[in-house]
Amino acid sequence: MHSKTKITVRYAETDMMGIVHHSNYPVWYEKGRGDYIKMFGTSYIEMEKNGIMTPLLNLTCHFKLPAFYDDEVIIRTWVQTITAARIVFSYTVRRIEKNGSETELGYGTTEHGFVDAKTFHPCSIKKRMPELYNNINQAVKHY
């Protein structure tokens, strides 16, 4: 199971060469993560209200082709692995062409820990939000 997040490239996201600056990809990944979590009936705000934060542990970005101003792109997000203490998201970024086909522009991953919002010590998503953990875990097994 994956989420689909559509974004139209804004002028401010491009650099002097007229292409999307690489620093925007992690921002797009963040939007994709938020949309993915919402598919399970919750949000990052709800996770934080439950005392859970998800700091970034690792980020990869691989670039194949550039995106340009006003391109429509789609970020597909899914969970590669989830444990009680960590979660790894995968992403693809594709341009939606005028004919409706898609061209892959890049891909990446982010790894996050689950930590207590007050102590920043590792905590168990499996114990704090068991329904969310079980739903994502089931989605991973069927993807």
Principal-axis tilt of helix 24-38 within the chain, Cα atoms, nearest 10 degrees: 50
Nearest-ten-degree value, helix 130-141 long axis tilted from longest Cα axis of the chain: 50
Volume in Å³ per residue [convex hull over Cα atoms, computed for segment 1-85]: 123
Overall Cα dimensions of the chain - principal axes, largest extent first, Å: 46, 31, 22
Protein accessible area in the chain, 1.4 Å probe - carbon and sulfur %: 54
1.4 Å probe accessible area per residue over the chain, in Å²: 57
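Just reorder R94, R128, R86, R76 by solvent-accessible area, largest first, 1.4 Å probe, all chains present. Intermediate results must be reported in sequence, preceding the final value.
Numbers: R94 70, R128 90, R86 120, R76 40 Å².
Listed by decreasing accessible area, they come as R86, R128, R94, R76.
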The chain: calculated mean residue ellipticity at 222 nm from DSSP helix runs of at least 4, using -39500 (n - 2.57): -7500 deg cm²/dmol
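The values are calculated or read from the model by the stated rules, or taken from the named source; none is laboratory data. The structure presented is a predicted model; accordingly, all values stated were derived computationally and were not measured. Side chains are part of the model used for accessible areas, which takes the heavy atoms of the whole protein and leaves out ligands, DNA and RNA. Shrake-Rupley method; radii C 1.70, N 1.55, O 1.52, S 1.80 Å.
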